[in-house]
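Take a look at the structure set out below.
The values are calculated or read from the model by the stated rules, or taken from the named source; none is laboratory data. Fair warning: this is a prediction, and the values are worked out from it, not measured in the lab. FYI the Cβ positions are ideal-geometry reconstructions off the backbone, even for glycines, and counts take in every protein chain you see. Side chains included, ligands, DNA and RNA excluded: accessible areas come from the protein's heavy atoms. Shrake-Rupley method; radii C 1.70, N 1.55, O 1.52, S 1.80 Å.
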Protein chains: 2
Amino acid sequence: MKLASLKNGTRDGQLIVVSRDLSQAVTVTEIASTLQQALDNWRIVRPALDTVYQQLNDNVLADTFGFVESACESPLPRAFHWADGSAYVNHVELVRKARGAEMPESFWSDPLIYQGGSDCFLPPHDPIPMASTDWGIDFEAEIAVVTDDVPMGVATKDADNHIHLLMLVNDVSLRNLIPGELAKGFGFYQSKPSSSFSPVAITPDELGDHWQKSKVLRPLTSHLNNALFGEPDAGTDMTFNFAELVAHAAKTRPLCAGTIIGSGTVSNYDRSAGSSCIAEKRMLETVAEGKPTTPFMNFGDTIRIEMFDTAGRSIFGAIEQTVIPFPQE
Amino acid sequence: MKLASLKNGTRDGQLIVVSRDLSQAVTVTEIASTLQQALDNWRIVRPALDTVYQQLNDNVLADTFGFVESACESPLPRAFHWADGSAYVNHVELVRKARGAEMPESFWSDPLIYQGGSDCFLPPHDPIPMASTDWGIDFEAEIAVVTDDVPMGVATKDADNHIHLLMLVNDVSLRNLIPGELAKGFGFYQSKPSSSFSPVAITPDELGDHWQKSKVLRPLTSHLNNALFGEPDAGTDMTFNFAELVAHAAKTRPLCAGTIIGSGTVSNYDRSAGSSCIAEKRMLETVAEGKPTTPFMNFGDTIRIEMFDTAGRSIFGAIEQTVIPFPQE
């Protein structure tokens with residue numbers, strides 16, 4: 001099943017069911033008005049949504065309309081919990097290597113995770129307003145899962161059962177604010193402004209064999225200003241799968257329905273696949289040439305993040321965002 | 001005005017208006033069903049709530065009922081944003097001193113802040129379920145503000161206008177998980193489980209002259225197992241006021257209505273006032289005697305946090321929580 005939230009002037013948007021080919025959509029107000037409402041009652045609501053999805057794909061519904069990605073909010077325009085892991089540990093290892101530091105061995109067994117701002121996500125086709133390019137504006141292409149209610153202390157083997165939706169993420173990062181914030185010891189805050197998510201959230205069964213052992217086995221494609229920037233495989237070199245990340249997140253507290261857990265920047269040891277953020281490319285340049293040459297994003301730069309099925313069809317729709325100055329002149 | 005959220009089997013509780021003396025309450029479904037709803041439309045809703053509050057205090061309403069603190073959720077049972085500062089920098093300085101480290105000079109001008117889990121707050125009179133006392137279970141008595149929508153980049157001089165409610169907080173902390181998490185560099189996550197908030201949220205005008213320059217000028221009282229643990233003054237030694245914390249939080253992103261910003265552990269240089277967390281007391285013991293003697297919380301221990309007006313009346317109601325094992329035998 002594929003779901004999205006239309007912009008409708010409310011804070012949480014209008015839940016819609018979207019056809020598999022992303023061409024048509026239909027509102028489901030009689031089932032749930034918002035995605036958070038649906039997730040709050042997922043076990044009751046899902047069968048009804050599934051029926052509508054089937055009918056939509058079978059082209060037997062009357063009140064459908066053309067699906068337009070740019071009319072969408074992020075599937076959850078605001079969420080109660082957004083925690084982002086760093087599951088591609090080879091990326092973390094590279095970050096350390098670029099600054100000449102050893103990565104602790106424990107990073108291979110104990111997930112890194114931080115909590116991000118979830119109250120004001122950006123819509124997937126809206127610009128990224130930023131006060132200064134001095135902040136080192138970067139994108140991070142990632143995958144995220146959405147859970148229902150997860151009990152505190154859930155076992156990893158049970159955590160996969162709580163994963164109900166998948167989305168793509170642009171975890172916007174302000175690279176030049178990170179060193180100062182991390183040096184203070186409390187983690188990211190100003191350096192991680194509003195993220196955005198793919199227009200469409202999908203149930204894992206939409207991926208067929210490409211969802212296995214709580215991992216997505218497809219490349220994640222990023223284009224910067226229409227040039228291919230990277231297409232690393234999300235199923236390769238993922239040290240912690242989503243079930244492990246969910247269990248880690250729930251160790252000392254329950255998670256509320258609608259919790260979003262991210263994978264961190266998708267990254268492969270095979271560097272020929274390219275990168276999912278500018279920082280990684282700059283680190284590779286630093287390791288190879290002694291200094292970075294690719295600049296961070298400037299005003300007017302556009303990042304496009306998407307994932308395709310084996311026939312080349314977009315699965316989630318695209319995140320496509322241009323950096324603009326804030327406030328506007 | 002004083003507001004609370006009754007437990008009613010829903011995720012967000014039932015918004016009620018509470019009388020100034022905390023004796024009576026009334027539902028306001030015709031105005032707003034939940035506190036988040038009220039905050040989403042604060043400028044429209046507040047005058048109507050004020051009218052009900054006046055009538056409730058004047059004893060001219062029919063459908064009132066006795067107010068019971070233990071029937072309450074935290075005012076926002078779940079929120080879209082909960083960020084906690086460390087505004088009492090003398091406390092941070094002491095933490096560093098106890099482990100023989102210098103605190104960077106910048107901590108006096110650049111606020112520390114971390115983002116906490118906001119999806120599952122504990123009710124103020126519910127127990128704190130924890131899997132192990134080996135985690136070093138501690139309370140932190142704090143004050144928090146609730147904002148409406150705050151634009152990105154808000155100036156400190158304008159930030160106070162976005163503060164609409166005040167609450168007390170118990171920012172439960174797992175002291176023995178903190179060193180390992182901070183060493184990983186991404187800040188707190190598992191070491192900061194679900195917080196709880198005072199039964200009642202108040203508008204700042206309820207404090208009269210004790211709300212000045214975005215600070216609360218009253219002692220914050222903590223009792224551990226019925227023995228006074230501390231009553232430092234919240235208006236003394238607060239290095240950053242709430243307007244400064246809100247402006248810091250909004251530097252690179254807007255804040256959604258219902259954002260909660262905490263003060264961090266209230267702490268005074270005058271140590272005779274006692275402490276607002278066990279960790280601080282243990283650090284004072286370490287500095288004075290070479291080692292800590294006060295243990296962290298055990299199963300069965302109860303923490304009570306409240307604030308009184310000059311006549312000794314409770315302003316917010318009390319947070320009163322007992323640590324219990326999870327899962328229960």
For this session: Please state which one of A:T34, A:T51 is among the polar types (S, T, N, Q) and open to solvent by 30 Å² or more (accessible area, probe 1.4 Å).
Result: A:T51
Exercise. Mind checking which residues of the stretch A:135-174 are over 18 Å from A:A279 (Cβ atoms), assigned to a strand (DSSP E or B) and within 13 Å of another protein chain (Cβ to nearest Cβ)?
Worked result: A:V146, A:T147, A:V150
Exercise. Counting only residues that are among the polar types (S, T, N, Q) and in a loop (DSSP other than H, G, I, E, B), which one in the stretch A:97-134 is nearest to the other protein chains (Cβ to nearest Cβ)?
Worked result: A:S118
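Out of all the residues in the stretch B:277-300, is one or more small (G, A, S) and part of a strand (DSSP E or B)?
Looking only at the stretch B:277-300, we keep the residues that are small (G, A, S), and these are B:279, B:288, B:290, B:300.
If we keep only those that are part of a strand (DSSP E or B) as well, we get none.
Taking every residue of the stretch B:277-300 in turn, none turns out to be small (G, A, S) and part of a strand (DSSP E or B).
Would you confirm, using the coordinates I've provided, whether A:G300 is touching a strand residue (DSSP E or B) at 6+ places or on another chain (Cβ under 8 Å), away from every other protein chain (no Cβ under 14 Å), open to solvent by 20 Å² or more (accessible area, probe 1.4 Å) and on the phi > 0 side of the Ramachandran plot? If you could, list the steps in order and put the result at the bottom.
Working: touching a strand residue (DSSP E or B) at 6+ places or on another chain (Cβ under 8 Å): yes; away from every other protein chain (no Cβ under 14 Å): yes; open to solvent by 20 Å² or more (accessible area, probe 1.4 Å): yes; on the phi > 0 side of the Ramachandran plot: yes.
So A:G300 fits the description; yes.
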For this session: Identify, from the list B:G230, B:G235, B:G187, the residue that is open to solvent by less than 10 Å² (accessible area, probe 1.4 Å), more than 29 Å from B:S70 (Cβ to Cβ) and in contact with a strand residue (DSSP E or B) (Cβ under 7 Å, 6 or more places away or on another chain).
Result: B:G187
Exercise. Restricting attention to the stretch A:70-96, which residues are surrounded by fewer than 21 Cβ atoms within 10 Å (Cβ to Cβ), within 12 Å of chain B (Cβ to nearest Cβ) and charged (D, E, K, R)?
Worked result: A:R96
Exercise. With (1) within 16 Å of B:I261 (Cβ to Cβ); (2) without any contact (Cβ under 8 Å) to a residue 24 or more places away in the chain as the list, and B:I202 as the residue in question, which single condition is left unmet?
Worked result: (2)
Exercise. If you check A:S272, A:S263, which single one turns out to be out of contact with any Cys (no Cβ under 8 Å at 6 or more places or on another chain), of a type in the set (S, T, N, Q), more than 14 Å from chain B (Cβ to nearest Cβ) and open to solvent by 20 Å² or more (accessible area, probe 1.4 Å)?
Worked result: A:S272
Problem set entry | In the stretch B:166-184, the residues that are closer than 19 Å to B:L122 by Cβ and surrounded by fewer than 19 Cβ atoms within 10 Å (Cβ to Cβ) | B:R175
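Please work out which residue is nearest to the chain's Cα centre (by Cα), limiting yourself to the stretch B:175-212 and to residues that are within 14 Å of another protein chain (Cβ to nearest Cβ) and among the charged types (D, E, K, R).
Among residues in the stretch B:175-212 that are within 14 Å of another protein chain (Cβ to nearest Cβ) and among the charged types (D, E, K, R), the one nearest to the chain's Cα centre (by Cα) is B:K192.
How many residues are small (G, A, S) and in a helix (DSSP H, G or I) if we restrict to the stretch B:264-276? Let's see the steps before the verdict.
As a first pass, look at the stretch B:264-276 and keep what is small (G, A, S): B:264, B:267, B:272-276.
From what's left, in a helix (DSSP H, G or I): B:272-273.
Adding up the residues that qualify gives 2.
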